[in-house]
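Student: Sending over a structure as structure tokens; questions will come in a sec.
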Amino acid sequence: MQSIWSSPNPILFGRGAADSVGDHLKRANCKRALLVYDAGVKAAGIVDRISENIRAAGIETVCFDGVLPDPPDWSVERAGALGVLEKADCVVGVGGGSSLDTAKGAKLLITNPPPLRQYFGREGIVTKPSVPLIVIPTTAGTGSECTPGGVITDTERGIKTNIAGVGCAVTLGIVDPDLTLGLPAAVTASTGMDALCHAIESYTSARANSFSELAGREAIRLVARSLVRAFENGSDAEAREDMMLAATLGGIAMSGALCHLSHDIGRSLGAKFHVPHGNGCAACLPQVLECVAPVMPEKLRFFAACFDRALPADASSKEIGRAASDAALSLMKRVNLPNMKTLGLKREALTAVVPDEVVMQCETAAKIGIVTSPLPVTRELIADIVSRAFDEN
């Protein structure tokens, strides 16, 4: 198997790393920063800490605080327009995945004219280089600090899609575990499950390679060791550091291998039913793992073992799949992750929409040579996964 890994940007990782943001912008000769964040990060006091650090370096700040979940294209365009109006010469994104993706879109629009939808697409989209972008995650899940694009909601078509290319590329990712201390338990659970989905999906992707497998395995191990600890005690610094590292490794793993069925379903749940991203991606994870086991049983054996589900050497693929599925479901229950019923979804509405959406996503990707699912994706397969998850999780 040939493997290729190209790191999209440098990462600065470690406790206290966020305190260097001003110095990094100063070295890049920046004078006016567009700071992108949401209300929750502001309320937590993190924005004030970051903005004070930037201003202490002699750099002015302009604030966009209108980040929305699953960022809609029109909201991202507002952020970009503010950057153009205020003549920002750099962008700093602070927060969860929605903030970082909005910051990527804002950077793109500073040098590439709107509307944003003309830049939608995973590959082959040509954009002009733009201003420096530093992203600072405050949740341990998205991995957006080390991925070459962002996820935006196309409001015209009602789907989640991608922006990519040099126009929205990250200049530096600053990953500071201290920023997640005290993160609410529900957010810890949702984002932690997102990190786990990145890790196991990239590990089992049809595009998996030596590098994605290495990063994915370690991310799985870290989540197994520390997600419950971080959920139960938000001030557990060691667990928080483990989870931030798992999130970054998950982002590294999926940059090459990409994700598959759990994320495909999660994107549909987010776009059509407004389910939070981490919850949506994890909603069918146990069933996806069970389906994938016959294709790559040893990888699912490793997953199960990380969660103390030891299996005999002669275990069948069915037994391995069940152990992996049980491990994922047990974790979801331990961190009180809401299931589809708790989220107020209806089986009939889900099966009427999600299978067709997932098949469409996969067919569209296949047209440009991207096939990630280890199984043939059919409407029947997705309908069965969703129906079982609705009943079992």
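Quick note: the coordinates plus some simple rules give every number you see, no bench work behind them. Because the structure is a prediction, the values reported are computed rather than measured. Reconstructed Cβ throughout: ideal geometry from the backbone, glycine too, with neighbour counts over all protein chains shown.
Student: Decide, for segment 11-179, between rounded, prolate and oblate: order the square roots of the alpha carbon gyration tensor eigenvalues as a ≥ b ≥ c, take rounded if a/c falls under 1.5, and otherwise choose prolate if a/b is larger than b/c, else oblate.
Tutor: Here segment 11-179 falls in the prolate category.
Student: For the chain, with a Gaussian network of springs between Cα atoms less than 10 Å apart, report the residue from L181, L285, L311 with the top mean-square fluctuation.
Tutor: L311
Student: OK, next. If you take every DSSP beta bridge fully contained in the chain, what fraction is antiparallel? Give it as a percent rounded to 5.
Tutor: 25 percent
Student: Please express the shape of the chain as an equivalent ellipsoid: the semi-axes are the square roots of 5 times the eigenvalues of the C-alpha gyration tensor, given largest first in whole angstrom.
Tutor: 33, 23, 19
Student: For a protection proxy built on the mean count of beta-carbon atoms within 10 angstrom, sort 28-41, 339-352 highest first, please.
Tutor: The most tightly packed comes first, giving 28-41, 339-352.
Student: In the structure shown, do any of K42/K87; K87/K160; K31/K128; K104/K341 have a Cα-Cα gap over 31 Å, and if so which?
Tutor: Result: K104/K341 exceed 31 Å.
Student: Working out 0.36 nm times the residue gap between E380 and R347, then minus their Cα-Cα distance, what length gain in nm do you get to one decimal?
Tutor: 10.4 nm is the gain from fully extending E380 to R347.
Student: Something else now. For segment 227-273 and segment 81-127, what is the separation of their C-alpha centers, rounded to whole Å?
Tutor: So the separation of the two Cα centres works out to 23 Å.
Student: Taking a label point 7 Å from the Cα of R157 along the Cα→Cβ vector, which residues of segment 96-122 have an amide N closer than 14 Å to it?
Tutor: Answer for segment 96-122: 116-122.
Student: On C-alpha positions alone, give me the angle between the axis of helix 261-273 and the longest principal axis of the chain, in degrees, nearest 10.
Tutor: The angle comes out at about 60 degrees.
Student: Something else about it: Quote the relative contact order of the chain in percent (integer), defining contacts as alpha-carbon pairs under 8 Å separated by 6+ residues.
Tutor: Relative contact order comes out at 15 percent.
Student: Considering the Cα positions of segment 197-392, please state its Rg to one decimal place and its Dmax as a whole number of Å.
Tutor: Values for segment 197-392 (Cα only, Rg and Dmax): 16.0, 46 Å.
Student: Moving to a separate point now. From the C-alpha coordinates alone, can you work out the Kirkwood hydrodynamic radius of segment 272-311, in Å?
Tutor: About 11.5 Å, per the Kirkwood formula over Cα pairs.
Student: Of the peptides 330-336, 133-139, how do they stack up when ordered by the mean number of other Cβ atoms within 10 Å, highest first?
Tutor: Order by mean packing, descending: 133-139, 330-336.
Student: Just checking the chain: which Cys have no other cysteine's beta-carbon under 4.7 Å?
Tutor: C63, C146, C168, C259, C284, C291, C306, C362
Student: Starting from the Cα of A57, step 7 Å along the direction of its Cβ; do the same at V84; then give the gap between the two resulting points in nm.
Tutor: Spacing of the two 7 Å Cα→Cβ label points: 2.6 nm.
Student: Right, here's the next one. Kindly express, to the nearest 10 degrees and within the range 0 to 90, the angle between helix 297-306's C-alpha long axis and the longest C-alpha principal axis of the chain.
Tutor: Helix 297-306 sits roughly 70 degrees off the main axis of the chain.
Student: If you build a Gaussian network model of the chain, linking Cα atoms that sit under 10 Å apart, which residue out of D236, D314, D264 swings the most?
Tutor: Of D236, D314, D264, the most mobile in the Gaussian network model is D314.
Student: Just the ratio, please: alpha-carbon radius of gyration of segment 184-267 over 2.2 N^0.38 Å, N its number of residues.
Tutor: With N residues counted in segment 184-267, Rg over 2.2 N^0.38 Å equals 1.04.
Student: Which value in deg cm²/dmol, rounded to the nearest 500, describes the helix-derived mean residue ellipticity at 222 nm for the chain, given -39,500 (n - 2.57) per DSSP H run of n ≥ 4 and division by the residue count?
Tutor: -16500 deg cm²/dmol
Student: If you don't mind, another one. Counting only the backbone N, which residues of segment 14-35 are under 17 Å from the spot 7 Å out from the Cα of A237 toward its beta-carbon?
Tutor: 14-20
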